[in-house]
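The values are calculated or read from the model by the stated rules, or taken from the named source; none is laboratory data. As the structure is a prediction and not an experimental result, all values here were calculated from the model. Backbone-built Cβ (ideal geometry, glycine too); neighbour counts: all protein chains shown.
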Amino acid sequence: MCIMKSRSASPRERVAVACVAATALLLNCTGAYAHVKWFSKVVNCTSTPLNIGSILASPMFVALFIAALAVMAGVCRVDKLAAERYPYLHRSPSVLEHRRADRAALLLRVGVGIYFLSVFLYRDERPFILTPELWTKATWVPLVQLAIAAAVLSRHTVPLAAAGILLLYGNAVALYGWFHMLDYLYFIGVASFLAISVSEGQVRPSLGFTLLRVLTGFSLMWVSVEKWVYPSWTYDILARDLANITMGLDPRFVVMAAGFVEFSLAFLIVFGRLSARVAAVALLALLIGAIPLVGMLDAVGHAPLIVVLLVFAAGPNPLGAAGPNHLPWNGRAHAISFAAGVVGLIGLYHVTHALAYPRLDNVLSLNMLVAAAMLIPLRWVTTVGCGVPARRYAAQI
């Protein structure tokens, strides 16, 4: 009788298994990356988010949370090894900084120009301010959009384009509320980057990259949290238009897993090293892959984000580069920071929702006390975990 001895998997084998699992998950969740607010018929930001206890006590959420933690720890380990072995893939922020900023600014200007020209031409079919659900009947909005498309053609008028983007964002806030517009903070990042790119040395280009990366990462993480606190929004799309993409899987799993995949990739875009570039490519694949499933409206609406992700994929992440090996930038700290981010942003979502749409019974509820307490772990991200390289990089700007 032959007895086979079991052995523990090597780190390389564990990473390989995690990559296979992640690939399978991405294939099943692609359709969930169409922006929910653009297509769901049940979106209502004023409605109360799903109770925190219902989210955190879900066995499915706990299982996916633990799996995500393990993957993030492995990714950070690979990140560290890759940075040591291939340092040319992860340069210091000061290396070729201005040249890279000029190329990125040109790419972003072209993308912004095409986007706002497309939105202007699309006005007869569906006039909107910045994104498809932000409807408007104001006749001046298309004129501003056309002016932005024209202003990015010249470096001398780029600040006017940036001001136009901020004007449209402010108009959307006035019409739809600041809470709704937290999904789209990356537009502020785009405007800031464009303005800084033509500042003629008055501000270091690295500041523009940092604002663009942090605000885009936050927007993506915020949208992923919505898949947990408002899962019914995505269920509606899956049931009406995308039932075939679930491949027989429980829609609850698809939506919750999509949230974790999106949150993980957004987290890596902000704090990863080489993984920041890989995460940008993965998100690009998800966004582009969703277009044939939901139509050209998704392509038009996501055009600015796609261009931003191209910028991230093309160059290193200064925030990740600032964390040397002797700092607590290891798998454990990375996983703890990720966990703190998940918990903290769920709490932050509930707190900001209560501030945006206050109701006495909600503000004084146990759920709100728990949400406020969940903000405490965010301190880890900004002080101990990923905050260490972030603060070091901030000192260089």
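Filtering SER264, SER199 for residues that are among the polar types (S, T, N, Q), at negative phi and either surrounded by fewer than 19 Cβ atoms within 10 Å (Cβ to Cβ) or in contact with a Lys or Arg (Cβ under 8 Å, 6 or more places away or on another chain) (or both) leaves a single hit, SER199.
Only residues that are among the aliphatic types (A, V, I, L, M) and within 19 Å of GLY272 (Cβ to Cβ) were counted across region 183-224, and they come to 7.
Got a sec? Which of VAL225, VAL152, VAL255 is surrounded by 20 or more Cβ atoms within 10 Å (Cβ to Cβ), of a type in the set (Val, Ile, Thr) and over 27 Å from THR352 (Cβ atoms)?
Going through VAL225, VAL152, VAL255 in turn, just one is surrounded by 20 or more Cβ atoms within 10 Å (Cβ to Cβ), of a type in the set (Val, Ile, Thr) and over 27 Å from THR352 (Cβ atoms): VAL152.
It is to be established whether one or more residues within region 207-215 are aliphatic (A, V, I, L, M) and more than 28 Å from ALA339 (Cα to Cα). No, region 207-215 contains no residue that is aliphatic (A, V, I, L, M) and more than 28 Å from ALA339 (Cα to Cα). Out of the residues in region 122-147 that are touching a residue at least 24 places away in the same chain (Cβ under 8 Å) and exposed (fewer than 15 other Cβ atoms within 10 Å of the Cβ), which is nearest to the chain's Cα centre (by Cα)? That would be ARG126.
Looking only at region 228-252, count every residue that is acidic (Asp, Glu) and either touching a Lys or Arg at 6+ places or on another chain (Cβ under 9 Å) or crowded, with 22+ Cβ neighbours inside 10 Å (or both) and tell me the total. Here the count works out to 1. When the helices (runs of 4 or more DSSP H) confined to region 222-307 are screened for residues that are farther than 26 Å from TRP135 by Cα and assigned by TED's automatic domain parsing to the domain that holds GLY344, those reaching at least 1 such residues are found at 251-271, 274-294. Among the candidates GLY315, GLY331, GLY295, the residue that is on the phi > 0 side of the Ramachandran plot and modelled with pLDDT under 85 is uniquely GLY295. Of all the numbered requirements in (1) in contact with a Leu (Cβ under 7 Å, 6 or more places away or on another chain); (2) on the phi > 0 side of the Ramachandran plot, GLY177 misses one, and that requirement is (1). Only one of the numbered conditions (1) over 14 Å from LEU305 (Cβ atoms); (2) among the hydrophobic types (A, V, I, L, M, F, W, C); (3) at pLDDT 85 or above is violated by ALA239, and that is (3).
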